[in-house]
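The values are calculated or read from the model by the stated rules, or taken from the named source; none is laboratory data. Every value quoted in this text rests on a predicted model; they were computed, and no experiment measured them. Here the Cβ is made from the backbone with ideal geometry for all residues, glycine too, and neighbour counts use every protein chain on show.
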Amino acid sequence: MRIVYDARPVACEGAEVTLDPPGASDEFLSDGGFAGDETFYSPVVGVEPGMTCGVRFFVVNDGWSEVDARAVALPGMQEEFVSLIRPTMVNPNGQMRLADTDDAAVFAIEGMPVPAGDQQSFTVILEANAEDAAGYEQCSGFMPRPPRVTVSALGVERTVASPEDSGIWYSDGARSDCD
């Protein structure tokens, strides 16, 4: 089991989504003048009041038996954490929010089998958090740890984490206002 993102994991209405680094610089260019393999891009969401975003990821079952997705945990997005954004639901079918854990917002996933050799997409719906926005200065922000998914198969339950280097940065305001 693993969690992966596609090339455009974030789509927003009312907010700008850019990439970091914004373009190839001389320090990242290879001898041929092209960006080398060491250039990695991360999405940056310029959080604006009233915006709504969807962050899509895939649970890939590269095992030999079907698994059931049980819960999606979103580290750093629990209610007690001062955050620019709040998760409101997880699709494909609007799963119910459970009680937060010490470090994550958690959503129940019911009836989501992932057959062997297949994948299931999930989209976390995020909204701007006007209550906590005052705790951030313009152009500051945070990068919560990527999602975790709890799955079960053959009576065993385990939590699968996203790669740590697949984070998304949430900035207070549009990046174009910060340069």
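Taking each residue of the range 153-166 that is over 19 Å from Phe57 (Cβ atoms) and looking for partners that are in a strand (DSSP E or B) and of a type in the set (A, V, I, L, M, F, W, C) with beta-carbon atoms closer than 8 Å, six or more apart or interchain, yields Ala153/Val67; Glu157/Val151. Within the set Pro144, Pro75, Pro163, Pro113, the sole residue that is in contact with an Asp or Glu (Cβ under 8 Å, 6 or more places away or on another chain), of a type outside the set (Ser, Thr, Tyr) and closer than 26 Å to Tyr41 by Cβ turns out to be Pro75. Whether a residue is in contact with a Gly (Cβ under 9 Å, 6 or more places away or on another chain), at pLDDT 90 or above, part of a loop (DSSP other than H, G, I, E, B) and surrounded by 12 or more Cβ atoms within 10 Å (Cβ to Cβ) was assessed, and Gly117 does not pass this test.
Here's the yes/no breakdown for (1) at positive phi; (2) buried (at least 17 other Cβ atoms within 10 Å of the Cβ); (3) of a type in the set (Phe, Trp, Tyr):
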residue: Leu126; (1), (2), (3): no, yes, no
residue: Glu131; (1), (2), (3): no, no, no
residue: Ala134; (1), (2), (3): no, no, no
residue: Cys139; (1), (2), (3): yes, no, no
residue: Met143; (1), (2), (3): no, no, no
residue: Arg148; (1), (2), (3): no, yes, no
residue: Ser152; (1), (2), (3): no, no, no
residue: Glu157; (1), (2), (3): no, no, no
residue: Glu164; (1), (2), (3): no, no, no
